[in-house]
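Before any comments, here is the structure.
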Amino acid sequence: MTKLKLPEPPPFKLIVFPLPAQIGRVRHVADKYLDQPNQEARARYWRVIVDNLRKRLTKHGCTDAEISGHVLAFREAVQKEINRRAKKRRQIENPTDPKGAA
């Protein structure tokens with residue numbers, strides 16, 4: 001019997017949902033980061049987050065350059081969330097006259 005030779009399926013590229021758009025994950029990481037007792041603990045927590053992201057993205061077939069880009073974009077999103085919270089906290093702690101300066 002003759003075997004039917006089928007064409008090879010085309011290679012595929014997995015498209016990773018942008019990490020900065022994962023608002024829940026960004027907020028969760030910002031929460032946990034800010035909950036750390038000191039800068040050393042924050043650095044350790046961030047290394048764990050980055051290691052986990054790198055492992056997950058490697059598993060999905062991302063190149064080192066793609067992974068670096070995703071991690072950088074995620075870091076920027078987390079930093080923006082931390083900055084947003086700091087600004088909100090300052091506004092609550094130091095409310096200004098809503099009518100402006102006189």
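Each residue in region 54-75 was checked for being under 10 Å from Leu19 (Cα atoms) and either open to solvent by 70 Å² or more (accessible area, probe 1.4 Å) or of a type in the set (S, T, N, Q) (or both), and 2 pass. Residues in region 43-53 that are surrounded by fewer than 13 Cβ atoms within 10 Å (Cβ to Cβ) and either over 18 Å from Lys32 (Cβ atoms) or among the hydrophobic types (A, V, I, L, M, F, W, C) (or both): Ala43, Val48. Count of region 11-33 residues, restricted to those that are surrounded by 14 or more Cβ atoms within 10 Å (Cβ to Cβ) and more than 22 Å from Lys59 (Cβ to Cβ), is 4.
The values are calculated or read from the model by the stated rules, or taken from the named source; none is laboratory data. This structure is a prediction, so every number in the text was calculated from the model and none was measured. Don't worry about glycine lacking a Cβ; one is built from the backbone with ideal geometry, like all the others, and counts go over all protein chains shown. Keep in mind that these areas ignore ligands, DNA and RNA; they rest on the heavy atoms of the full protein, side chains included. Shrake-Rupley method; radii C 1.70, N 1.55, O 1.52, S 1.80 Å.
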